[in-house]
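No lab work stands behind these numbers, since they all come straight from the coordinates. Quick caveat: nothing in here was measured; it's all calculated off a predicted structure. Because the Cβ atoms are built from the backbone with ideal geometry, glycine has one as well, and the counts that use them run over all protein chains shown.
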Amino acid sequence: MLKNDLAKKILITFFMMLVLAVGQQIYLPLVDASFASSSVNKSTLLSVLGMTTGGRMTVPAIMSLGLSPYMTSMIIWQAIVTMDIKKITNMSLKNQGQIQNILTLIMAVVQAYTMILTYHSFIQPLYLTQSGIDISAPVIMLVLVAGGMFSTWLAMKNTQVGIGGSAIMIVPGIAVGLPQLLENGWTTGDVLTMTPINLMIAIFVTLLFVLAAVAVFHAELRIKLERPMLDSEFNHSYLPIKLLTGGAMPFMFSTVLFNLPMTIVSSTSLRFTTIGKNLLIWTQQDNWRGILVYGVIVMILGYGFGYMNLKPIQTIKQLKESGDYIFGCVPGEETRRCVMRHFWLLTSIGNVALMLMAVVPLIIGIYFEGYANYSLYLGSVFILVTIFDTISQQFRALYAKNAYSVLLK
């Protein structure tokens with residue numbers, strides 16, 4: 001039974017991923033694909049955003065957006081939920097799902113518009129008969145938004161009937177893009193040539209990093225709980241707080257935020273102003289000021305995503321409603337301070353680890369050409385580690401389910 005269930009889920013997931021991959025190979029109408037791709041490939045922002053969100057934004061395809069609108073809207077929604085607004089928390093799951101769908105649609109429109117601005121020089125006009133109105137941009141917008149929403153539907157469907165949830169849908173894009181990230185990650189001409197020595201170094205560093213990443217990702221503090229409402233035999237439990245409370249999310253969006261000001265300045269007249277020139281200096285990874293800014297962004301995102309994942313306000317409220325309390329802490333304000341103290345301590349330590357993963361390669365890259373690319377490369381490897389960890393948990397859950405089914409027969 002386990003083998004049948006597992007094989008079915010794997011086949012469904014494989015089919016979903018295949019559909020997404022095919023959709024990202026079908027070029028948009030009215031766009032000169034070759035010239036558009038060569039131009040956009042120089043954009044670190046689009047390259048990394050697409051790769052880490054299951055998209056392929058450097059290629060003008062009908063499903064180029066991938067899961068980017070969905071993942072962006074999910075983060076916004078998580079931030080709203082974390083605020084513990086009573087009107088939001090009292091909503092039904094159906095209403096919450098409808099709001100998330102609307103947010104996803106809005107994000108798809110915004111990101112599609114951004115792509116159209118990027119490709120505008122390579123779009124062929126399409127005029128309405130006799131009116132002379134060019135409708136090429138609205139047509140491309142419609143196709144991109146539809147592709148983004150269909151990608152979201154595939155991810156949600158895989159969550160219901162496949163394996164790996166929605167996150168597994170971004171695995172192929174990340175895995176395929178790893179060699180490109182390592183060779184030309186920041187798309188600034190800083191190329192790491194894959195000589196035999198560099199290849200051996202890459203393999204060694206990757207294996208060592210994966211082992212360390214797995215250990216750090218699993219590290220957690222278990223705060224002892226007392227559960228007086230249960231029998232004494234079962235009243236001992238714990239509240240787990242991970243060392244990396246933000247998971248891999250800071251890596252997924254730190255590069256996007258870091259490159260966003262540079263992208264805006266470079267494409268506008270701001271690049272000729274003093275402010276614009278200073279922004280360009282502070283958002284380039286090849287100098288100490290840029291490295292400092294990038295490290296700070298990783299730290300800030302670590303705290304933000306950590307808070308959203310832990311949801312300390314909701315956790316404290318659940319402890320109060322269930323009658324549970326932290327051993328050695330009086331329920332109420334003291335419990336809140338205890339939880340927050342552990343959160344800030346663990347998250348700060350975890351964020352330092354994340355920052356070192358991100359900035360150490362950049363520092364090395366100042367002195368050795370090409371090695372700055374390890375910053376993006378190792379970040380993507382870490383994202384894969386977290387996704388495969390989730391998949392392994394699902395495998396174990398299916399195995400446990402099958403074991404219980406056998407016992408109940």
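Worth pointing out:
- The ellipsoid that matches the Cα gyration tensor of region 267-409 has semi-axes, each √(5λ) in whole angstrom, of 41, 25, 14, with the longest given first.
- The charge dipole of the chain, taken about its Cα centre with unit charges on the Cβ atoms of Lys, Arg (+1), Asp and Glu (-1) only, comes to about 760 debye.
- Alpha-carbon Rg/Rh ratio, for the chain, with Rh computed the Kirkwood way: 1.00
- Of the residues ALA146, THR283, LEU398, the one whose Cα sits farthest toward the positive end of the charge dipole of the chain, with +1 on the Cβ of Lys and Arg and -1 on the Cβ of Asp and Glu, is LEU398.
- Highest-fluctuation residue, GLY365, GLY173, GLY276 considered, GNM on the chain with Cα pairs under 10 Å: GLY276
- Debye, to nearest 20: dipole size of region 315-366, +1 on Lys, Arg Cβ, -1 on Asp, Glu Cβ: 80 debye
- In terms of the mean number of neighbouring beta-carbon atoms within 10 Å, the peptides 277-288, 120-131, 376-387 order highest first as 376-387, 277-288, 120-131.
- With contributions of -39500 (n - 2.57) from each DSSP H run of at least four residues, the per-residue ellipticity at 222 nm computed over the chain stands at -23000 deg cm²/dmol.
- Residue-wise HN-Hα coupling along region 168-185, computed from phi with Karplus coefficients 6.51, -1.76, 1.60 (Hz; x: Gly, Pro): 5, 5, 8, 4, x, x, 5, 4, 5, x, 4, x, 5, 4, 5, 7, 8, x
- Shape of region 110-172, Cα gyration tensor, a/c cut at 1.5: prolate
- GNM result for the chain, Cα springs below 10 Å: residue of PHE15, PHE272, PHE253 fluctuating most strongly: PHE272
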